[in-house]
1. Pulled fully out, how much extra length does the chain show between Val64 and Asp164, if you take 0.36 nm times their separation in residues and subtract their Cα-Cα distance?
2. Given R₀ = 30 Å, what would the calculated FRET efficiency be for Gln75 paired with Asp142, taking r from the Cβ atoms and rounding to 0.05?
3. Along Cα→Cβ, 7 Å out, is where each label goes; now give me the distance between the ones at Thr96 and Asn30 in nm to one decimal.
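All of the numbers you see were taken from the coordinates with simple rules; none came from a lab. No experiment lies behind these values; they were computed from the predicted model shown. Note that we place each Cβ from the backbone using ideal geometry, even for glycine, and neighbour counts take in every protein chain shown.
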Amino acid sequence: MLRIAVIILLCLFAAPVAAEDWQLHAVFGNQVVLSVDGERALVGEGETGPGGVRVLRISGSGAVVERDGERRELQVERRPRGAGTPRADRRGAGITVHRDSAGEHAVTGGANGQAVTFVIDPGTEAVLLRERDARRAGLDPDRGESVRVERAQGTVEGRSLRIDRLQLGHLARDDVPAIVLADHDLPRSRLGQAFLDAFEIEFDGGAYTIRP
């Protein structure tokens, strides 16, 4: 009897299991950037994303998600601005990026003061740089740490580096992590969540608007 009582007490006072971390990072029309325990993906309304979490409804800057009968209402989380976080050099109107002739949302930004054309890619975690663009920005890929990157064409090798200063119009961020890929593996440099996730981003079906 004593043993049974001890087991019951242990069950009653055992530390609760930590709830899984579900986060909403951005909303783009009928799609959201959702992460579950660190796994992040671009998920459409009605689709199932990381960890089997399904996006039921998207509204404004929030979404209702569900898994195994557990339903949560999530709002886009904003990072506090401070040292090492994205900032705007001046407060003002947003930057609007329309679809180009290639069907992508491309815009000219700056990496370490050098002009680089980026494709806005909220579904990508990293900032991806073509080797040519990286060298123009004064970065030496040979000094970066070797990493493997999953692309549509398969797994490719890249080099992990940091950009001292990355700008998109009047929006800027210092010390941005980036991955450099060979030009034949990356036709155009891409601006992912490593830069975008602290800014307000709207998608109206034809253009992205990025605001501080």
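1. Fully extending the segment from Val64 to Asp164 adds 32.3 nm.
2. Approximately 0.10, to the nearest 0.05.
3. Placing both labels 7 Å beyond Cα along the Cβ direction yields 2.3 nm.
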